[in-house]
Amino acid sequence: MAKQRITVCLPPVGPDGLKQAIGQAMAPFWYDREDRPHPDWVGEWSYWFVSGAGCLLDVLPGHEDDPRLVRYDDWTEPPDDLPPSRCHGGPRGILDLGAARAAEARRAAGDWTAYRAFADRHPPALPFHHFEERARAALEPEQVQEAAVAAFCRQPLIQAIRADPALEERFASDPVLRFDEDLETYVARHAVAVLLTPALLTLDGRWVEGGGPDYARVFNACLDGLPADSMVVRVLYHS
């Protein structure tokens, strides 16, 4: 059991009816519903809150005062003091989904370019799985991890990154694998993932779980294709 977020898509609804509308949309997936569709049916949630902390949405400039924007958080105490440009949800037509994608694309491009420039100053390195596979073929199982880590970390590039906490945080623990894509592919993969939550509840009532590039495609296509007056709300639920 854990808490995670879902993006809930709803028909047009005002602030006074929002929570009721979310409840109605979520109801078919409640663990304790009495009219179970079949004997083996298992629900998705036991309780939920309106909450977008960590996955807030951008407001289209010029619409910051729209009363339909969701600015409260039922989970965070005290609630965050959001800037006018951010919200937990609102009508699709006044959410600036492109802003988050563009910002993530810039960040990803910066990371990729910085890593390649840094890596070019060192001998070519290999990803961790290369050393893990080699150790697995030569050593007893209990020796594999330690030997693989030691060999991986002896590479000059990895030593240089691990010596600088800021670089290690930016480039991650296995940068050779992380940046093993061309710039366009790397940027596109990150940009399409920036809006994702682990689950999506579509306007027609489908609960879609995350995972893989197909989910990113479905998620973004769903949000992009919603009518302008449809509501998009971030919800935290206990699964």
* Structure fact -> In Å², rounded to a whole number, the accessible area per residue of the chain with probe 1.4 Å is 54 Å²
* Asked: Are there any helices in the chain, counted as whole DSSP H runs, that stretch 15 Å or more along their axis by Cα and score at least -1.0 on average by Kyte-Doolittle, and if so which?
  -> 97-119, 141-153, 183-193, 212-224
* Structure fact -> Heavy-atom accessible area of ASP214, protein chains in place, probe 1.4 angstrom, given in Å² to nearest 10, is 100 Å²
* **Gaussian network model of the chain, Cα within-10 Å springs - most flexible of ILE22, ILE158, ILE94** => ILE158
* Asked: Kirkwood-based Rg over Rh for the stretch 34-157 (C-alpha set), two decimals?
  -> 1.22
* Do you know the relative contact order of the chain, to the nearest whole percent, from alpha carbon pairs under 8 angstrom that are 6+ apart? -> 38 percent
* **SER85, SER230, SER173, ranked by accessible area, largest first (probe 1.4 Å)** => SER173, SER85, SER230
* For the chain, what % of the accessible area comes from carbon and sulfur atoms, probe 1.4 Å? -> 55 percent
* Counting only protein chains, not ligands or nucleic acids, how are HIS88, HIS238 ordered by accessible area (probe 1.4 Å), most first? -> HIS238, HIS88
* Residue-by-residue Karplus 3J(HN,Hα) for the stretch 29-39, coefficients 6.51, -1.76, 1.60, Hz, glycine and proline x -> 10, 6, 4, 9, 4, 7, 8, 5, x, 7, x
* Length-normalised contact order for the stretch 1-77 - Cα pairs under 8 Å, 6+ apart - percent -> 28 percent
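The values are calculated or read from the model by the stated rules, or taken from the named source; none is laboratory data. None of the values given here were measured: they were computed from a predicted structure. Keep in mind that these areas ignore ligands, DNA and RNA; they rest on the heavy atoms of the full protein, side chains included. Shrake-Rupley method; radii C 1.70, N 1.55, O 1.52, S 1.80 Å.
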